[in-house]
Amino acid sequence: MSRHAKLLSAAFLLSALPLLFACDNPTGPEEQFIRVYPASTTLYVGQWLKFSATVNGPAATGGDNEVRWSSSNTAVASVSKDGIVVAKAPGITTIRAGCNGYCGAARVTVKYGSGEWEEMGSDGEE
């Protein structure tokens, strides 16, 4: 393969990345076409939660209509192809759902502990 053909192939692959993965920048008006639920949540290390996405408008037409999930920080939380988010380490990450060039996002905060301490007083009593 010639150098020119390799460059063109690389450029094509780079331009297709947003179609292969969930969107990198879900801040435009297109975000209204994909809603991620829950939109924001806190998980504790070791917990998991199934996220869902609703696809509307132009995001629901054309292409394969498959929702593709991604995490902006897989060290904090990973997400499966089915939208199951697993909390790995304390921090904040964005879970994205993409479909046909459109995307939506949710914020996930991961903390240590089980969350039970938040329901108790300082002396350990409820």
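Each reported figure results from applying straightforward, stated rules to the coordinates on display, with no laboratory input. The shown structure was predicted, so the numbers you read here are calculated from the model rather than taken from an experiment. Virtual Cβ from ideal backbone geometry, glycine too; neighbours counted across all protein chains shown.
Stretch THR54-SER72 to full length: gain in nm at 0.36 nm per residue minus the Cα-Cα span?
Roughly 4.5 nm would be gained on extension.
Positive end of the dipole of the range 21-114, charges at C-beta (+1 Lys, Arg; -1 Asp, Glu), about the Cα centre: which of TYR102, ALA75, TYR112 has its Cα farthest in that direction?
TYR112
Under the 0.36 nm per residue contour assumption, what length would be gained going from the current alpha-carbon distance of LYS111 and ASP82 to full extension?
8.1 nm
Based on the Cβ-Cβ distance of THR61 and ALA89, what FRET efficiency does E = 1/(1 + (r/R0)^6) give at R0 = 30 Å, to the nearest 0.05?
About 0.20, to the nearest 0.05.
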